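*Asks:* Submitted below is the structure of interest, expressed as structure tokens.
Each reported figure results from applying straightforward, stated rules to the coordinates on display, with no laboratory input. Since this is a predicted model, take the numbers as computed values, not measurements. Virtual Cβ from ideal backbone geometry, glycine too; neighbours counted across all protein chains shown.
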Amino acid sequence: MFGGNLMDTESFQSSSYPFDAADNRPVQFDRRQCQRHAIDGQVTIQRCAINPTVQQQPRCSLNLCDMSDEGIQAISDLALHPNEMVTIHFPPRGLEGGFDLPGHVVRCESDKHGYRIAIRFDCRRAA
């Protein structure tokens, strides 16, 4: 889902096409090179854009769906703009401290639960 080309999943229903067991939608073809892992939890994002809309709601809570080395997919009550820069705050868990990661929105689609958001991390990998 991160950086991939999306197709109209509602109009393509074929029994030979693989389906996502979680929501019974056809699996999307994409260019991700990292494995995605289902994850349950909540993160908070800080929106970095300086415009009146963002200033009214600078923070937003996201319900995580899945995560890879390159980004996250989550559900939000608030629509975010493609390419919008954000900082994702992962809260502390058990003995692990919380941490922040910068990222940018690569996709925002209306969903029956709100908005399905894809965010790509903007951090460099260690050599």
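*Asks:* When only alpha-carbon atoms count, how far does region 33-120 stretch along each of its three principal axes, as whole angstroms with the largest first?
*Replies:* 38, 26, 24
*Asks:* Sort 68-81, 92-105 for me by packing, meaning the mean count of neighbouring Cβ atoms within 10 Å per residue, highest on top.
*Replies:* Numbers: 68-81: 18.6, 92-105: 12.3.
The peptides rank, most packed first, as 68-81, 92-105.
*Asks:* Oh, and also: Counting other beta carbons within 10 Å of each Cβ, put VAL43, VAL86, VAL54 in order, fewest first.
*Replies:* Numbers: VAL43 21, VAL86 24, VAL54 17.
Taking fewest neighbouring Cβ atoms as first place, the list is VAL54, VAL43, VAL86.
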